[in-house]
Amino acid sequence: MPFPRPEFVPFRAADFAVSLSNWFRSSQRDLPWRREENFSDPYRVLVSEIMLQQTTVAAVTPFFKRFIARFPTVESLAKAPEEDVLAHWAGLGYYSRARNLHGAAKSVIEEHGGQFPRDFNEILALPGVGRYTAGAVASIALKQRKPIVDANVARVLSRVLAVEGDLKTAKNQSKLWEGATQIVEVEAVSPREINPAMMELGALVCTPKNPQCELCPVEKWCGARAQNRQNELPFVASKAAPTPLFDVCAFAQNADGEVLLRKRPEDQKIWWRGMWELPRTTRIEGETAAQALTRLGGELGFAIEGGEEVACLKHGVTRYAITLSCLEASVSTQIAGEMVKWCSFEAARALPMPAAMKTLLKTLEKRPARQLRLL
Ligand code: SF4
């Protein structure tokens, strides 16, 4: 039942926080990281928060369960080989998050004697942990009154406080963090509840488009609603169109039906570093797909000759729209080194591999095995 539209009341953190906290208790979603065994463990809160960066709740849920089943404690993650960690992250994207999480676990073991730090600045110093993530861990797991501002909280507060202009400016950031600080410091509410409550309100009610103000527990304190500007705030700069990239990869099989895989270099500047894939490159302007594979072969130290296109898929990475063309290929008999190997489809499934490449291999696995002439 919608609430009757209330009179606007200027923002008062204490009333706002209590109303929002009450709503959260009855309306929150049942999510795995909100179970007692997870939300009171700073390591598990850290895992969920890092996974949730740039990724939706629906996408994260199965990954979180699988990751925690495999790495239930900070020690188990710290001890695991990086390839195992990446394999359990494969499909979530933004793999630097997995490396940072692994680094954070090692840091807890090596620099904090296995005890997850309780001091906010020490949490903030862990690899990959910024002000938001440190605030989430400190407030949810350790019940410290630390504010958080993520995209959902920023949207809610920008509307409630009727913040004008680009939210990324220092002035507006300061307004949002100040608002979040006032709210989490209200003694009548638990920091473990009020921070997730603000995020939940942004996810379920105060949505980017068409917020459901008539269902909102903080409607009467909302400046945007009072001015009927809930669809205008916050200001969102128009996004640049994605840049197209044309990639090509080689699908080569040997007499046993194994496929040729290549490990991407451990270069900080490239995507998917250290992960496995069909040998792949980005086409240079004016180059055909087959020519690009010949060039790639030269870079890898063996010959590749591209044939027919056997699959093509489109996927996005950050601000790029990638078209990945897969050519059936012959390769020279002499391939050697740690960075390339022949691998069965079954064994490839357990390797850390970008999601688009996993999808491609699933398609290719259904084709009859066909070894092309080896060069
Ligand atoms: Fe968002 Fe509307 Fe609630 Fe304001 S009243 S916080 S715009 S849902």
**Q.** Test set (1) in a strand (DSSP E or B); (2) open to solvent by less than 30 Å² (accessible area, probe 1.4 Å) - GLY274 fails condition number
**A.** (1)
Q. Which of the following residues is among the charged types (D, E, K, R), within 14 Å of the ligand (Cβ to nearest atom) and assigned to a helix (DSSP H, G or I): GLU214, GLU193?
A. GLU214
Q | Sole residue being touching a Cys at 6+ places or on another chain (Cβ under 7 Å) and either over 12 Å from SER158 (Cα atoms) or surrounded by fewer than 22 Cβ atoms within 10 Å (Cβ to Cβ) (or both), chosen from GLU219, GLU214, GLU232 | A | GLU219
Q. Can you name the number of the only condition in (1) open to solvent by less than 40 Å² (accessible area, probe 1.4 Å); (2) touching a Phe, Trp or Tyr at 6+ places or on another chain (Cβ under 8 Å) that GLN54 fails?
A. (1)
(Q) For the range 221-240, which positions are in contact (Cβ under 8 Å) with a residue 24 or more places away in the chain and in contact with a Lys or Arg (Cβ under 9 Å, 6 or more places away or on another chain)? (A) TRP221, CYS222, GLY223, ALA224, ARG225, ALA226, ARG229, GLN230, LEU233, PRO234, ALA237, ALA240
Q: Please specify each residue of the range 1-48 satisfying the condition of being farther than 23 Å from PHE120 by Cα and polar (S, T, N, Q).
A: SER19, SER21, ASN22, SER26, SER27, GLN28
Q.
I need the full set of residues from the range 85-113 which are at pLDDT below 95 and over 14 Å from the mean Cα position of the chain (by Cα), in order please.
A. ALA87
**Q.** Total residues in the range 174-190, condition open to solvent by 60 Å² or more (accessible area, probe 1.4 Å) and either part of a helix (DSSP H, G or I) or within 16 Å of the ligand (Cβ to nearest atom) (or both)
**A.** 4
Q. Only one of LEU351, LEU375, LEU361 is touching a strand residue (DSSP E or B) at 6+ places or on another chain (Cβ under 8 Å) and modelled with pLDDT of 95 or more; which?
A. LEU361
Q) Can you tell me which residue in the range 72-113 is surrounded by the most Cβ atoms within 10 Å (Cβ to Cβ), limited to those that are touching a residue at least 24 places away in the same chain (Cβ under 8 Å) and not in a helix (DSSP H, G or I)? A) ALA90
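The values are calculated or read from the model by the stated rules, or taken from the named source; none is laboratory data. All values reported here derive from a predicted model rather than from experimental measurement. Quick reminder, even Gly has a Cβ in these numbers, built from the backbone with ideal geometry, and neighbours come from all protein chains shown. The area values use the complete protein model at the heavy-atom level, side chains included, leaving out ligands, DNA and RNA. Shrake-Rupley method; radii C 1.70, N 1.55, O 1.52, S 1.80 Å.
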